[in-house]
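Report on one structure; see the data block that follows.
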Amino acid sequence: MRRAFCVIFFLVVSLCYAQAAITDEMLAPLDSVLSHRNDYMHKKELRLDKLRHSIRYTRDGHKLLALYEKMYDEYYTYRFDSAMSYAKREHELAVSLGDRRYTTLSQLHRALLLATSGYYSEAEHLFQSVDTTGMDRQLWFTYNWTGLWIYSYWSGYSQGNDFVAVYDKKRDEYIQRSLSYADKGSALWCYLYAELIYYRDHDLKTSLHYYGLAERRAPKASRTYASATYGLARCYKEMGQMQRYEYWSIRSAISDQLCPLKENLSLQELAMHLFQKDERNAERASRYLYFSLDDAQFYHNKLRILGISEKLPGIMAVYERQLYHGKQVRTRQNYLLGVLAVVLLCALVVILRQNKKLNRKEREVSRQNDLLTQMNQQLTQANSRREKYMRLFMDLCALYIGKLNNYQKLVVRKIKAHQEGELVQKANSTKLTESEAIEFNSRFDKAFMELFPTFVDQFNALLCQGKKVEVSSKGGLTTELRIYALVRLGVDESVEIATLLFYSPQTIYNYRTAMRKRAINPDTFEDDVRALR
């Protein structure tokens, strides 16, 4: 009986390690690409530097428009603020030159960026204001491509409400229109046709065929390839073929890094899949989510940052619990090996392998802890500088802590009920709403004015006659007053102010420049604001 037990034990252990080896082998190419992600970014920056050099020495307006368009294309999925900056430059120059084609094109660029960042109604308004008369074939394709993505993003955000059917219908219409302007048989045409069949007819078999054609015809370091492989993974997942789903998810994530695309989703979804498939993948899932968070922060996608930040704590908690449990298991195994050294000689080899894996995990945790310690030190320094103003934000923190607790309870409840699909859908639909931004501003205004009730009058005293700033009818601060309220609190950098007020750094810079022009003493204006009591 004992002999039979030992045989079964060895077979189970062998199968477990064989499965782990297969998983590691599948993910090895992705891990390799992730380890060289800085190299791909360096190549991207070299291309951008060349374009910037060309822009600096180009005097011909029409050539400059073409360079602005190239810079937008390079930045579109790489860095939101920079892409929007060049789209605005493109629009301003096109208007000044009277170039109708580039005026229209720049409007479409800005509309698409607004949709990417979650400003759907603004994107739709700008999109619908485009004058389509006299557009050439390429411009018609760009127009329909923009409409496709506006309503695709909007549909994804609206899952679960009554408006999703409207956005789905519009998305499908623009996919079909885009097909008529794409080169038939090209990788892009195949991808669009697959999307149409998937969304309109939900014919998974036909969709797989055309996604496959797009994947084979597109360069591996291109957005079309990344999108096609994502489509393949999505179809296989719905068909229940999880091995193929994992394979194509990995290929899509690799392509995102090769481009590199910072506005990506494949790596984040793969991380959550690995964690939900087996909690023993918590270490790898957390590492992939940290990469996704880094990409989202680099791109300046606030909605994606919020979604990832909500997923990380649960995975890290499981990971730490696994390490603690692993240490306990190792202690018991070592004791049994001492008693049954001769009988379980083969099992000793397995335990030694486990020890090596656990040591590697411990080193990784140590590295992560060092990173967290460094981040905590930075936070502590920032808090010490603003300690006396902490109460401005305590009530807002309490609100979000309550939301996080409710979300954690929801995660536990859904996992216990084996409703992982609903949990993923819930997590992917988490967005930063406009009402939350309004609520933040309202709370900030109220708290600041309680601390500095004479700030508005003192601030206006620094401005020229007739240039004073009036508060809103509801008593709230204007955008200009809110910016300089933060300056008064010691927040000097435009990037920091932009993050707090949900604007781009360029917008904050423009506001500050405009206000200095209205000041009695422009050179010392901001120092005078900091000195207000």
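For Ala111, the test of being part of a helix (DSSP H, G or I), hydrophobic (A, V, I, L, M, F, W, C) and within 23 Å of Phe80 (Cα to Cα) is passed. Being open to solvent by less than 70 Å² (accessible area, probe 1.4 Å), modelled with pLDDT under 80 and outside any helix (DSSP H, G or I), is that true of even one residue in region 432-441? Scanning region 432-441 turns up at least one residue that is open to solvent by less than 70 Å² (accessible area, probe 1.4 Å), modelled with pLDDT under 80 and outside any helix (DSSP H, G or I).
If the condition is being farther than 16 Å from Lys467 by Cβ, assigned to a helix (DSSP H, G or I) and open to solvent by less than 60 Å² (accessible area, probe 1.4 Å), then region 501-523 contributes Leu501, Pro505, Thr507, Ile508.
A search for C-beta distances below 7 Å between a residue of region 354-368 that is touching a residue at least 60 places away in the same chain (Cβ under 8 Å) and at positive phi and any residue that is open to solvent by 60 Å² or more (accessible area, probe 1.4 Å) and assigned to a helix (DSSP H, G or I), counting only pairs 6+ apart in sequence or on different chains, returns nothing.
One line per residue, one yes/no per condition, for (1) over 29 Å from Leu258 (Cα atoms); (2) at pLDDT 95 or above; (3) in contact with an Asp or Glu (Cβ under 6 Å, 6 or more places away or on another chain); (4) crowded, with 17+ Cβ neighbours inside 10 Å:
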{"residue": "Ser152", "(1), (2), (3), (4)": "no, no, no, yes"}
{"residue": "Ser158", "(1), (2), (3), (4)": "yes, no, no, yes"}
{"residue": "Val166", "(1), (2), (3), (4)": "yes, no, no, no"}
{"residue": "Asp172", "(1), (2), (3), (4)": "yes, yes, no, yes"}
{"residue": "Leu188", "(1), (2), (3), (4)": "no, yes, no, yes"}
{"residue": "Tyr210", "(1), (2), (3), (4)": "no, yes, no, yes"}
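Here the condition is being at pLDDT below 95 and open to solvent by less than 30 Å² (accessible area, probe 1.4 Å); of Tyr68, Tyr78, it holds for Tyr78 alone. Touching a residue at least 12 places away in the same chain (Cβ under 8 Å) and part of a loop (DSSP other than H, G, I, E, B): does that describe Asp81? Answer is no for this residue.
Contact map, region 200-225: residues that are on the phi > 0 side of the Ramachandran plot paired with residues that are of a type in the set (Ser, Thr, Tyr) and surrounded by fewer than 19 Cβ atoms within 10 Å (Cβ to Cβ), Cβ distance under 6 Å, separation 6+ or inter-chain. No pairs are found. Look through region 406-415, keep the residues that are surrounded by fewer than 14 Cβ atoms within 10 Å (Cβ to Cβ) and farther than 15 Å from Phe275 by Cα, and return whichever of them is modelled with the highest pLDDT. For region 406-415, the residue satisfying everything is Arg413. Summed over region 278-294, the residues that are under 21 Å from Ala28 (Cβ atoms), in contact (Cβ under 8 Å) with a residue 24 or more places away in the chain and either of a type in the set (D, E, K, R) or in contact with a Pro (Cβ under 9 Å, 6 or more places away or on another chain) (or both) give a count of 4. Scanning region 92-113 for residues that are closer than 18 Å to Tyr503 by Cβ and either touching a residue at least 60 places away in the same chain (Cβ under 8 Å) or open to solvent by 30 Å² or more (accessible area, probe 1.4 Å) (or both) returns a single hit, Arg110. On the stretch given as region 226-250, residues that are buried (at least 17 other Cβ atoms within 10 Å of the Cβ) and either at positive phi or polar (S, T, N, Q) (or both) total 3.
Do we find that Gln138 is part of a helix (DSSP H, G or I), touching a residue at least 24 places away in the same chain (Cβ under 8 Å) and open to solvent by 20 Å² or more (accessible area, probe 1.4 Å) in this structure? Here the answer is yes, as Gln138 does meet what is asked.
The values are calculated or read from the model by the stated rules, or taken from the named source; none is laboratory data. Treat the numbers as computed from the prediction; the structure is a model and nothing was measured. Note that each Cβ is placed from the backbone with ideal geometry, even for glycine, and that neighbours are counted across all protein chains shown. Just the protein is used for accessible areas: all its heavy atoms, side chains included, with ligands, DNA and RNA removed. Shrake-Rupley method; radii C 1.70, N 1.55, O 1.52, S 1.80 Å.
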